[in-house]
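Worksheet: the structure to be examined is printed underneath.
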Amino acid sequence: GKVRAPTHIISTISDDRGEEPCYAGVPMSSIVEQGYGVGDVISLLWFKRSLPRYCTHFIEICIMLCADHGPCVSGAHNTIVTARAGKDLVSSLVSGLLTIGPRFGGAIDDAARYFKDAYDRGLTPYEFVEGMKKKGIRVPGIGHRIKRGDNRDKRVELLQRFARTHFPSVKYMEYAVQVETYTLSKANNLVLNVDGAIGSLFLDLLAGSGMFSKQEIDEIVEIGYLNGLFVLARSIGLIGHTFDQKRLKQPLYRHPWEDVLYTK
Ligand code: ACO
Ligand code: LMR
């Protein structure tokens with residue numbers, strides 16, 4: 001009989017061998033003809049299934065809301081400095097992307113992990129937050145450099161409003177809001193940030209859509225899919241900042257001496 005040589009790669013999300021590429025079994029022509037959007041493509045390539053419209057719409061809102069946040073944030077700053085050093089698009093983009101992590105934009109997965117664990121174990125916000133403090137861990141998804149209790153992040157509000165209208169359940173988000181109420185009672189900068197809002201709401205999306213088993217949800221949270229939303233979204237803005245600097249023919253950036261405290 002036929003002997004199948006062992007393969008060195010296993011791939012399950014896309015296939016380009018036929019007449020047209022397929023994403024999770026869906027041919028490109030269907031994607032185009034049936035008017036799929038970016039949220040549908042993310043559903044196919046990341047989650048390997050078609051998700052209901054309210055879920056793909058939510059994904060698209062996350063992408064739009066996180067696409068950019070001005071030139072002063074870590075990622076854009078790095079991209080601008082790199083573009084002004086005469087580097088190419090990819091270098092400028094990845095220079096910005098490399099700042100995404102536990103403090104900036106990359107707290108979504110940890111927010112989902114910690115909120116899920118605390119909610120599923122029935123911890124009160126007080127027990128959860130004080131427990132984290134004892135362990136010396138900042139609550140991921142809480143806190144912002146410029147947003148405050150009396151100057152909330154509009155993005156968080158928009159995501160919450162969409163989910164309250166369209167999601168069957170927002171229990172994880174409501175838990176995150178209770179945590180925020182407690183942290184705000186401690187300090188005015190400890191708001192629920194956009195990472196925390198997306199992390200908690202994605203738990204609601206996964207649990208409420210009926211499209212994922214409990215085991216699949218645990219796997220998604222454990223592997224850490226959700227920072228991908230911020231990485232993908234912010235790439236749009238970082239590419240924009242690169243073009244902006246090149247268009248403006250900005251010279252090499254040098255930080256002013258006056259803004260450095262030289263000390264021994
Ligand atoms: N949980 C508990 N305590 C916190 C948290 C938190 N998430 N954030 C700040 N604090 C406390 C700090 O411990 C600090 O107290 P201390 O000086 O006694 O230690 C106090 O609040 C002030 O902290 P700062 O360092 O001045 O806060 P800063 O403005 O630098 O931090 C940051 C902002 C980095 C976002 C911070 O709140 C944090 O680490 N949050 C968790 C990570 C996170 O969610 N990042 C995503 C932000 S949204 C985005 O990037 C798109
Ligand atoms: C962002 O989305 O980049 C911001 O929330 C971060 C910031 O420091 O403003």
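So, of the residues in segment 131-156 that are within 6 Å of ligand 1 (Cβ to nearest atom) and within 22 Å of residue 221 (Cα to Cα), which turns out to be surrounded by the fewest Cβ atoms within 10 Å (Cβ to Cβ)?
It comes out as 138.
Among the residues of segment 93-139, write down those that are assigned to a loop (DSSP other than H, G, I, E, B) and of a type in the set (Val, Ile, Thr). Talk me through it step by step, then tell me what you get.
Within segment 93-139, the subset assigned to a loop (DSSP other than H, G, I, E, B) is 98-100, 102-104, 106-107, 121-124, 136-139.
Selection gives 99, 100, 124, 137, 139.
Between a first residue in segment 250-264 that is closer than 20 Å to residue 84 by Cα and a second residue that is in a loop (DSSP other than H, G, I, E, B), which pairs have beta carbons less than 8 Å apart while being 6 or more apart in sequence or on different chains?
252/85; 252/86; 253/85
Looking only at segment 76-101, filter to residues that are in contact (Cβ under 8 Å) with a residue 24 or more places away in the chain and within 13 Å of ligand 2 (Cβ to nearest atom); which one of those is farthest from residue 62 (Cα to Cα)?
79
Can you name every residue in segment 66-81 that is near ligand 1 (Cβ under 9 Å from one of its atoms) and among the aliphatic types (A, V, I, L, M)?
Hit for segment 66-81 is 73, nothing else.
Which is assigned to a loop (DSSP other than H, G, I, E, B) and either surrounded by 18 or more Cβ atoms within 10 Å (Cβ to Cβ) or acidic (Asp, Glu) (or both), of 205, 190, 201?
Answer to the check: 190.
Taking the condition of being on the phi < 0 side of the Ramachandran plot and more than 21 Å from the chain's Cα centre (by Cα), how many residues in segment 77-102 meet it?
Number of matching residues: 10.
No value in this document is a laboratory result; all are computed from the given coordinates. Just so you know, these numbers come straight off a predicted model, no measurement behind them. Cβ atoms come from the backbone with ideal geometry, glycine included; neighbour counts cover every protein chain shown.
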